[in-house]
1. Is at least one residue of the range 36-54 touching a helix residue (DSSP H, G or I) at 6+ places or on another chain (Cβ under 8 Å), of a type in the set (V, I, T) and in contact (Cβ under 8 Å) with a residue 40 or more places away in the chain?
2. What is the residue count in the range 1-32 for residues that are in contact with a strand residue (DSSP E or B) (Cβ under 7 Å, 6 or more places away or on another chain) and over 14 Å from D47 (Cα atoms)?
3. How many residues are out of contact with any strand residue (DSSP E or B) (no Cβ under 9 Å at 6 or more places or on another chain) and closer than 15 Å to G9 by Cα when one looks only at the range 33-46?
4. Can you tell me which residue is surrounded by the fewest Cβ atoms within 10 Å (Cβ to Cβ) among those in the range 39-61 that are closer than 13 Å to L22 by Cα and among the aliphatic types (A, V, I, L, M)?
Amino acid sequence: MTARLVSTGDAARELGIHRETLRAWWRAGLVTPASETAGGHARWDVDQLKRDLRALQQRDA
């Protein structure tokens, strides 16, 4: 099954956060997009992003 990749804004909307928050997490190295476009725009696999965030929460708990 192929992952559905979405923009930073769409991924943030699905998570219920502001897109700048997601960008800040990316810049801090907390999360990594599934891919980047030639223009440097992130594309996110939201399911993987949610798993990554859960792992971060468990690590920090």
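1. Yes, because at least one residue in the range 36-54 is touching a helix residue (DSSP H, G or I) at 6+ places or on another chain (Cβ under 8 Å), of a type in the set (V, I, T) and in contact (Cβ under 8 Å) with a residue 40 or more places away in the chain.
2. Of the residues in the range 1-32, 1 are in contact with a strand residue (DSSP E or B) (Cβ under 7 Å, 6 or more places away or on another chain) and over 14 Å from D47 (Cα atoms).
3. Step one: of the range 33-46, the residues out of contact with any strand residue (DSSP E or B) (no Cβ under 9 Å at 6 or more places or on another chain) are 38-41.
Cutting the leftovers down to closer than 15 Å to G9 by Cα gives us 40-41.
Number of matching residues: 2.
4. Restricting to residues being closer than 13 Å to L22 by Cα and among the aliphatic types (A, V, I, L, M), the top hit is L53.
Here, each number is a calculation from the coordinates, and none is a lab measurement. Quick caveat, the model's predicted, so the values are computed rather than measured. Note that we place each Cβ from the backbone using ideal geometry, even for glycine, and neighbour counts take in every protein chain shown.
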